[in-house]
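Novice: Dumping the structure here so I can ask a few things about it.
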Amino acid sequence: MEGWSTSPDRVGPSRWRFPSPDAMAEGDLVSVGGDLEPETLVDAYRHGIFPMEVTGLPGVIGWWSPDPRGILPLDGMRVTRSLRQSAKRFEIRVDTAFDAVIRACADPSREDGWITEPFIAAYTRLHAMGWAHSIEVVDRAGELAGGLYGIAIDGLFAGESMFHRQRDASKVALMALVEIMRARGMTLLDVQWRTDHLASLGVIAIPRREYMARLCAALGESDRRP
């Protein structure tokens, strides 16, 4: 199973300035406004921040840095015997159906759906530039059974969303992502928030300050403080 390209297109500096961890207010929402240009998005992830629309304010971009933050330690994913058996029913592909994956994740019938057309366009552009990637889980009939997508920057993979149409397919995608990351020497798998479902797979919650320290290490940078 191969991963993705190691050479994403260069992006220029962002026109927006994101707050440092020490300047962030309490709560998960740290800023509002801005845009979804490639340089804005890449800079946001480098600062431990990601975009989602603000509930009740259609079209308004919120920038989030959860405290605590959900991460999946690469040596901590819980893989049951039944999940290993399920994985044998599928084929894993990488970056062959990004549009299909992000649109499946954006299905408006899903509970708490938030991925709008501007987000689809922005992340599809990042995919074309080599920053955003998808893991596809395909059944024996060649049908897309599940998958996930996110952003890869150096040792970080920031998972954005995943979906399944067949049992265990999204879990199999996550298993494949962990395998790819370990093979590439990546160290930090960000899942934003720790939910009960993700906790059952091994996701833990850590304080924002600890997340930022791990992020800086994954990016090969010194701790970002004033």
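The values are calculated or read from the model by the stated rules, or taken from the named source; none is laboratory data. As the structure is a computational prediction, the values presented were derived from the model and not from experiment. Cβ atoms come from the backbone with ideal geometry, glycine included; neighbour counts cover every protein chain shown.
Novice: Can you go through 204, 180 and tell me which one is under 16 Å from the mean Cα position of the chain (by Cα), farther than 24 Å from residue 89 by Cβ and β-branched (Val, Ile, Thr)?
Specialist: So the residue among 204, 180 that is under 16 Å from the mean Cα position of the chain (by Cα), farther than 24 Å from residue 89 by Cβ and β-branched (Val, Ile, Thr) is 204.
Novice: For residue 161, state whether it is under 14 Å from the mean Cα position of the chain (by Cα), farther than 25 Å from residue 30 by Cβ and not aromatic (Phe, Trp, Tyr).
Specialist: Answer is no for this residue.
Novice: Can you name every residue in region 100-114 that is of a type in the set (D, E, K, R) and either farther than 16 Å from residue 173 by Cβ or more than 16 Å from the chain's Cα centre (by Cα) (or both)?
Specialist: Selection gives 107, 110, 111, 112.
Novice: Of the numbered conditions (1) farther than 30 Å from residue 176 by Cβ; (2) among the hydroxyl-bearing types (Ser, Thr, Tyr); (3) in contact (Cβ under 8 Å) with a residue 60 or more places away in the chain, residue 55 satisfies every one except a single condition; which is it?
Specialist: (3)
Novice: Continuing with the same structure: If you check every pair at least six apart or on different chains, which have Cβ atoms under 7 Å apart with a residue in region 114-141 that is of a type in the set (Asp, Glu) first and a residue that is surrounded by 22 or more Cβ atoms within 10 Å (Cβ to Cβ) and not in a helix (DSSP H, G or I) second?
Specialist: That search, which allows pairs on different chains as well, returns 136/147; 139/145.
Novice: Among the numbered criteria (1) within 25 Å of residue 97 (Cα to Cα); (2) out of contact with any strand residue (DSSP E or B) (no Cβ under 6 Å at 6 or more places or on another chain); (3) not acidic (Asp, Glu), which one does residue 199 miss?
Specialist: Just one mismatch for residue 199, condition (1).
Novice: Determine which single condition residue 46 fails, assuming it passes every other condition in (1) at positive phi; (2) surrounded by 11 or more Cβ atoms within 10 Å (Cβ to Cβ); (3) touching a residue at least 40 places away in the same chain (Cβ under 8 Å).
Specialist: (1)
Novice: (1) buried (at least 17 other Cβ atoms within 10 Å of the Cβ); (2) outside any helix (DSSP H, G or I): which one isn't true of residue 102, the others all being true?
Specialist: The failed condition is (2).
Novice: Another question about this same structure. May I ask you to say which residue of 181, 162 is touching a helix residue (DSSP H, G or I) at 6+ places or on another chain (Cβ under 7 Å), on the phi < 0 side of the Ramachandran plot and at pLDDT 95 or above?
Specialist: Matching residue, one of 181, 162: 162.
Novice: Just to be sure, is residue 109 polar (S, T, N, Q) and surrounded by 20 or more Cβ atoms within 10 Å (Cβ to Cβ)?
Specialist: no
Novice: Does region 160-182 hold any residues that are within 21 Å of residue 73 (Cα to Cα) and either without any contact (Cβ under 8 Å) to a residue 40 or more places away in the chain or among the aliphatic types (A, V, I, L, M) (or both), and which are they?
Specialist: 162, 169, 170, 172, 173, 174, 175, 176, 177, 178, 180, 181
Novice: Exactly one of these conditions fails for residue 141: (1) part of a helix (DSSP H, G or I); (2) over 14 Å from the mean Cα position of the chain (by Cα). Give me its number.
Specialist: Exception for residue 141: condition (1).
Novice: Among the residues of region 12-24, is any in contact with a strand residue (DSSP E or B) (Cβ under 9 Å, 6 or more places away or on another chain), part of a helix (DSSP H, G or I) and under 23 Å from residue 186 (Cβ atoms)?
Specialist: no
Novice: In contact (Cβ under 8 Å) with a residue 12 or more places away in the chain, farther than 23 Å from residue 124 by Cβ and of a type in the set (Val, Ile, Thr): is that true of residue 60 in this structure?
Specialist: Taking the combined requirement at face value, the residue does not satisfy it.
Novice: For region 65-82, check the following and say yes or no: at least one residue is at pLDDT 95 or above, among the basic types (Lys, Arg) and surrounded by 16 or more Cβ atoms within 10 Å (Cβ to Cβ).
Specialist: Looking for residues that are at pLDDT 95 or above, among the basic types (Lys, Arg) and surrounded by 16 or more Cβ atoms within 10 Å (Cβ to Cβ), one finds at least one in region 65-82, hence yes.
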